[in-house]
Ligand SMILES: [Zn+2]
Ligand SMILES: [Zn+2]
């Protein structure tokens, strides 16, 4: 399986990096995890056609992870897509996704292809076919709800993902709330980790990477203001780990198995 980083930026819009999205590509199947603001243009840069995308998984609904969804579905319609699209979202967000698309004037009756919004449950694996599945687990990223009381906790669900391919596991942290969230898949052994860098400091990342048994760590969700600091940190710690550690960038490709 190949992973292409489509967007490796943080929540702040940047000229250097797109907002969050990665593509999992295996045996001709293309699956996006997250589709942040501007993802359609980012996919053009990465040379991935909207027609080839089989499914989109959404970790949470901060705009840098999900706001590109209506524009991406619009591109599919404009390019006369015919194959079915699945959008996987937490079960309590299904109605919101449907409304989001309808408010963008995207209706099943005028799309030209089947679009299924598939609910996922916390800690229940999602099959993507071709021997690949994704396990979502709730993290604490927006659990404090900004003090809002009129919305239910379900509205604030945010997931990290364990991507399972045959006998190999890949940890994708999405956005976390604190360092404890990094450990939510510690009951699995993972060769590869893709970790965000906005909501965790380098000391905590250091301790986590040190305690894990990763062979490769890729850092993402990188703000322009923290990139140089992260590069210096990696240069300093690289010699201490057997794992290879590097900053991801838009268009960067890795092979998993
Ligand atoms: Zn984010
Ligand atoms: Zn977020």
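The values are calculated or read from the model by the stated rules, or taken from the named source; none is laboratory data. These figures come from a predicted structure and were not determined experimentally. For neighbour counting, all protein chains shown are included, and Cβ atoms are generated from backbone atoms with ideal geometry for every residue, glycine included.
Tabulated data
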{"read-out": "Hits in region 44-65 (condition: part of a helix (DSSP H, G or I) and either out of contact with any strand residue (DSSP E or B) (no Cβ under 6 Å at 6 or more places or on another chain) or within 16 Å of ligand 1 (Cβ to nearest atom) (or both))", "value": "44, 45, 50, 51, 63, 64, 65"}
{"read-out": "Number of positions in region 121-177 that are closer than 27 Å to residue 28 by Cβ and away from ligand 1 (no atom under 15 Å from the Cβ)", "value": "23"}
{"read-out": "Filter result (touching a residue at least 60 places away in the same chain (Cβ under 8 Å), surrounded by 17 or more Cβ atoms within 10 Å (Cβ to Cβ) and away from ligand 2 (no atom under 16 Å from the Cβ)) within region 41-79", "value": "42, 46, 54, 55"}
{"read-out": "Selected residue (only one of 91, 77, 26 is modelled with pLDDT of 95 or more and more than 23 Å from residue 140 (Cβ to Cβ))", "value": "77"}
{"read-out": "Unique residue being touching a residue at least 60 places away in the same chain (Cβ under 8 Å), in a loop (DSSP other than H, G, I, E, B) and touching a helix residue (DSSP H, G or I) at 6+ places or on another chain (Cβ under 7 Å) when the list is 224, 250", "value": "250"}
{"read-out": "Selection count, region 180-196, where residues are within 16 Å of ligand 1 (Cβ to nearest atom) and either surrounded by fewer than 21 Cβ atoms within 10 Å (Cβ to Cβ) or farther than 11 Å from residue 170 by Cα (or both)", "value": "3"}
{"read-out": "Options 82, 13; residue that is in contact (Cβ under 8 Å) with a residue 24 or more places away in the chain, within 23 Å of residue 227 (Cα to Cα) and either surrounded by fewer than 20 Cβ atoms within 10 Å (Cβ to Cβ) or within 14 Å of ligand 2 (Cβ to nearest atom) (or both)", "value": "13"}
{"read-out": "Hey, residue 36 within 28 Å of residue 121 (Cβ to Cβ), touching a residue at least 60 places away in the same chain (Cβ under 8 Å), within 13 Å of ligand 2 (Cβ to nearest atom) and part of a loop (DSSP other than H, G, I, E, B) or not", "value": "no"}
